[in-house]
Amino acid sequence: MTAAPRAEIGVFGGSGLYQLLDQAESVRCPTPYGDPSDVCTLGVLGGRRVAFLPRHGRGHTIPPHRINYRANLWAMRMLGVRRILAPCAVGSLQAAIEPGAFVIPDQFVDRTHGRADTYADGPLVGHISAADPYCPELRAAAAEAARGEGVTVHQRGTLVVIQGPRFSSRAESRWYTACGWDVVGMTGYPELILARELGLCYAAIALVTDHDAGLEGAPEVAPVTHDHVLEVFAANIARVRTVLERAVGELSPLPACGCQGAPAAAGLPRRDDP
């Protein structure tokens, strides 16, 4: 028999979000894919039962290419989570998208390599659709919550996910910009595709911290540094928390978006009880 869900909404995040939940308790969630990045914290946010997991571990000790994304998503599913909100720091590739703004991506480009990015790695084989990878309901809720909190928000955009842990070269950044992509980050893939294989709704809430390797024709805009990302993210963490709380509180009780049907359409089994 499937156990009663201990949480309905999951949040991946990092530094500054550890105190996100009220009535919090810590739970260890070993999975068939190894241990997740850290213990999961269960609690209440916006009147809903929420599970929080720091994707880089407490103290930010796990670089993006070493995160056990499969274990992280599987742990969330074990706890009963059906929806994932994923705050992340990104660099802007377009002059019109300024630091401090939020972007709610609707498309991604994968530039990573070597990351375990599927549960269907044999003998079961399935081909998940990635045409519209992000949940439309969650994206709309996140954008509306950001507007409600007075945050500048871009309701769509393409997130290019790079391997990390290094930042882009100027040539790479120019290429991404010329392709028309909007923001660049290191953790969005394979997180969203693994969520889709499990039938989970997923939306990223991308906080713009910098202009990546700089802006063409604007020599005064310096390339990003690690310290600068942490500084801007820390300055905006309160806004991230309030947007998350507002979005979670305004979600409908049950999703009606169709994300749950993605695994079956790909020939993958239901994951009612991982």
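The values are calculated or read from the model by the stated rules, or taken from the named source; none is laboratory data. As the structure is a prediction and not an experimental result, all values here were calculated from the model. Here Cβ is always computed from backbone atoms with ideal geometry, including for glycine, and neighbour counts include all displayed protein chains.
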Flagged in segment 201-223 as at pLDDT 95 or above and either among the basic types (Lys, Arg) or in contact with a Lys or Arg (Cβ under 6 Å, 6 or more places away or on another chain) (or both), in numbering order, are 201, 203
Among the residues of segment 213-252, which ones are of a type in the set (D, E, K, R) and assigned to a loop (DSSP other than H, G, I, E, B)? 216, 220
Under 24 Å from residue 7 (Cβ atoms), modelled with pLDDT of 95 or more and assigned to a loop (DSSP other than H, G, I, E, B) - does that describe any residue in segment 66-77? yes
Considering residues of segment 16-64 that are outside any loop (DSSP other than H, G, I, E, B) and of a type in the set (Val, Ile, Thr) only, the residue nearest to residue 253 (Cα to Cα): 50
Where the second residue is part of a loop (DSSP other than H, G, I, E, B) and small (Gly, Ala, Ser) and the first is in contact (Cβ under 8 Å) with a residue 24 or more places away in the chain and lies in segment 130-158, which pairs have Cβ atoms under 8 Å and are six or more apart or on separate chains? 137/252; 137/256; 151/101; 152/100; 152/101; 153/101; 154/101; 158/180
Scan 234, 238 and give me the residue that is at pLDDT below 80, within 30 Å of residue 213 (Cα to Cα) and over 17 Å from the mean Cα position of the chain (by Cα). 234
Of (1) free of Cβ contacts under 8 Å to residues at least 60 places away in the same chain; (2) buried (at least 18 other Cβ atoms within 10 Å of the Cβ); (3) not acidic (Asp, Glu), residue 50 satisfies all except one. Which? (1)
Report every pair of residues separated by at least 6 positions or lying on different chains whose Cβ atoms are under 6 Å apart, first residue within segment 93-107 and within 19 Å of residue 138 (Cβ to Cβ), second small (Gly, Ala, Ser). 102/146; 103/157; 103/206; 104/142; 104/143; 105/157; 105/204
Condition broken by residue 89, with the remaining ones in (1) part of a strand (DSSP E or B); (2) more than 13 Å from the chain's Cα centre (by Cα) satisfied: (2)
The condition of being aliphatic (A, V, I, L, M), crowded, with 19+ Cβ neighbours inside 10 Å and farther than 17 Å from residue 248 by Cα holds, among 138, 159, only for 159
Within segment 54-63, how many residues turn out to be touching a Gly at 6+ places or on another chain (Cβ under 7 Å) and either among the charged types (D, E, K, R) or surrounded by 19 or more Cβ atoms within 10 Å (Cβ to Cβ) (or both)? 3
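Matching residues to (1) surrounded by 24 or more Cβ atoms within 10 Å (Cβ to Cβ); (2) touching a strand residue (DSSP E or B) at 6+ places or on another chain (Cβ under 6 Å); (3) of a type outside the set (Val, Ile, Thr):
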site: 21; (1), (2), (3): no, yes, yes
site: 31; (1), (2), (3): no, no, no
site: 39; (1), (2), (3): no, yes, no
site: 42; (1), (2), (3): no, yes, yes
site: 65; (1), (2), (3): no, no, yes
site: 85; (1), (2), (3): yes, yes, yes
Looking at segment 111-212, what helices (runs of 4 or more DSSP H) fall wholly within it and have at least 3 residues that are over 18 Å from the mean Cα position of the chain (by Cα) and of a type outside the set (S, T, N, Q)? 170-178
Give me the residue from segment 236-263 that is touching a residue at least 40 places away in the same chain (Cβ under 8 Å) and among the small types (Gly, Ala, Ser) and, out of that set, surrounded by the most Cβ atoms within 10 Å (Cβ to Cβ). 247
